[in-house]
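Only one structure is covered here, and it is reproduced in the block below.
The values are calculated or read from the model by the stated rules, or taken from the named source; none is laboratory data. A quick note: this is a predicted structure, and the numbers were derived from the prediction, not measured. Note that we place each Cβ from the backbone using ideal geometry, even for glycine, and neighbour counts take in every protein chain shown. Accessible surface areas use protein heavy atoms only, side chains included; no ligands, DNA or RNA. Shrake-Rupley method; radii C 1.70, N 1.55, O 1.52, S 1.80 Å.
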Amino acid sequence: MHFGLMLAVAMTASLGTSCVAQKKDKDGFVQIFDGKTLKGWDGDPTYWRVENGNLVGEITPTTLLKTNNFIIWRGGEPGDFEFKGEFNITSEGNSGINYRSDQLTDVPFALRGYQADIDGKNRYTGQNYEERKRTTLAYRGQKTTIPPYTGAATPEAVRANVKNNAWGGLTVTGSLGNSDSLKTKIKAEDWNTFRLVIKGNRLQHYINDVLMSEVTDEDTVNGKAKGLMGVQVHVGPPMKVQYRNLMLKQL
C-alpha cells in the first residue's frame, strides 16, 4: 500500500512535469492566451472578448469609459521575465501592456504600475509609462535612469514630482535613436510585434525587434520587483485593440 502510494505520487509528478514541458516552446516560452477563450484572464466582458483567435478590447459609442480598463492575467505575478506577442490597434486607439502592477480596489479592473505604451497614432508606442503613478519614465528613443526617491511615500508627494506628464527625477543616460525615426519602424493599423525584457531594475521595450526604450529604475520606494500583468483600453473615443500569440518566459 505504501509502495502504491509512492508510485501514484511519482506518476502524478511525472505527468505534471510532462504537461508543463509540453506547454513550453523550444525557447522556454509558455502560451498564456489560448486564442479561444478568456481562461486565465479576468476582465469586463463589456470591453473584452475573443474574436478570430485574438484577444480583443473595444470601446463603442455606447460603452465609453470613465476610467481606463484592463483585462488582467491571473496566472501569477511575474518578476523577471520576457513577454512577447503581437498587437493591432485602430488609429484612435490607446492601449498598453502593464506589468509588475497592483490592482486597485476602488476602481473596477484598474491597474497601477509599469506600462509598455501603445497608441494608434504611434505618438507613444514603445515608451515606458507608469500608469497612475510616476507617469512617463522614458520616452521612445531614450535610455533613462530613475534615481532613488527621497520624498514622502504618499500619492500626493509622488504626484507633485510629476512635471508635464513625466517623472521629474528621470535622467536621460543614452539614446536609442530619434523618436520620429523609430516611429517609422511601427506599422499603423496593422500587426506589430512587441517584446518586453524585464530583469532586475532594467526594463526594455521592443517593437518589431527594435529597442524603443530602456529604463533602469533605482527608485525602490515607487518601483516594483513583481506584480500583475494586463492589457488596457483607454478613456477616449471608440477604439479597438487586438492582441495575439501572447507568450511568457519567466527568468
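Residues in segment 208-223 include none that are within 20 Å of GLY75 (Cβ to Cβ) and open to solvent by 60 Å² or more (accessible area, probe 1.4 Å).
Test of understanding: among ASP27, ASP34, which residue is assigned to a loop (DSSP other than H, G, I, E, B), open to solvent by 20 Å² or more (accessible area, probe 1.4 Å), under 29 Å from ASP209 (Cα atoms) and at pLDDT below 95?
It is ASP27.
The combined condition, being closer than 22 Å to GLU130 by Cα and either crowded, with 19+ Cβ neighbours inside 10 Å or of a type outside the set (S, T, N, Q) (or both), is not fulfilled by GLY40. Could you tell me whether any residue of segment 88-100 is part of a strand (DSSP E or B), farther than 26 Å from GLN250 by Cβ and either among the acidic types (Asp, Glu) or open to solvent by 30 Å² or more (accessible area, probe 1.4 Å) (or both)? Yes: segment 88-100 contains one or more residues that are part of a strand (DSSP E or B), farther than 26 Å from GLN250 by Cβ and either among the acidic types (Asp, Glu) or open to solvent by 30 Å² or more (accessible area, probe 1.4 Å) (or both). Would you please name the residue that is farthest from ILE207 (Cα to Cα), looking only at residues in segment 97-148 that are touching a helix residue (DSSP H, G or I) at 6+ places or on another chain (Cβ under 8 Å) and small (Gly, Ala, Ser)? So the residue we want is GLY141.
Would you be able to say whether some residue in segment 221-229 is more than 16 Å from the chain's Cα centre (by Cα) and more than 16 Å from GLN115 (Cβ to Cβ)? Yes, the conditions are met somewhere in segment 221-229.
Within segment 101-139, the residues that satisfy the criterion of being of a type in the set (Lys, Arg) and either surrounded by fewer than 24 Cβ atoms within 10 Å (Cβ to Cβ) or in a strand (DSSP E or B) (or both) are ARG112, LYS121, ARG123, ARG132, LYS133.
Quick check on THR144: is it within 18 Å of GLU218 (Cβ to Cβ), over 17 Å from the mean Cα position of the chain (by Cα), polar (S, T, N, Q) and open to solvent by less than 50 Å² (accessible area, probe 1.4 Å)? Can you show your working first?
Details: within 18 Å of GLU218 (Cβ to Cβ): yes; over 17 Å from the mean Cα position of the chain (by Cα): yes; polar (S, T, N, Q): yes; open to solvent by less than 50 Å² (accessible area, probe 1.4 Å): yes.
For THR144, the condition - within 18 Å of GLU218 (Cβ to Cβ), over 17 Å from the mean Cα position of the chain (by Cα), polar (S, T, N, Q) and open to solvent by less than 50 Å² (accessible area, probe 1.4 Å) - is met.
For segment 167-251, the strands (runs of 3 or more DSSP E) that sit wholly inside it and include 2 or more residues that are within 22 Å of GLU86 (Cα to Cα), in contact with a strand residue (DSSP E or B) (Cβ under 7 Å, 6 or more places away or on another chain) and modelled with pLDDT of 95 or more are 192-199, 202-207, 210-217, 228-233, 239-250. Only residues that are among the charged types (D, E, K, R) and free of Cβ contacts under 8 Å to residues at least 60 places away in the same chain were counted across segment 90-116, and they come to 2.
Put simply, of GLY96, GLY43 the only residue that is over 23 Å from LEU170 (Cβ atoms) and either more than 15 Å from the chain's Cα centre (by Cα) or at pLDDT 95 or above (or both) is GLY43. Residues that are in contact (Cβ under 8 Å) with a residue 40 or more places away in the chain, surrounded by fewer than 16 Cβ atoms within 10 Å (Cβ to Cβ) and polar (S, T, N, Q) were ranked within segment 50-87; the one that is farthest from ILE186 (Cα to Cα) is THR67.
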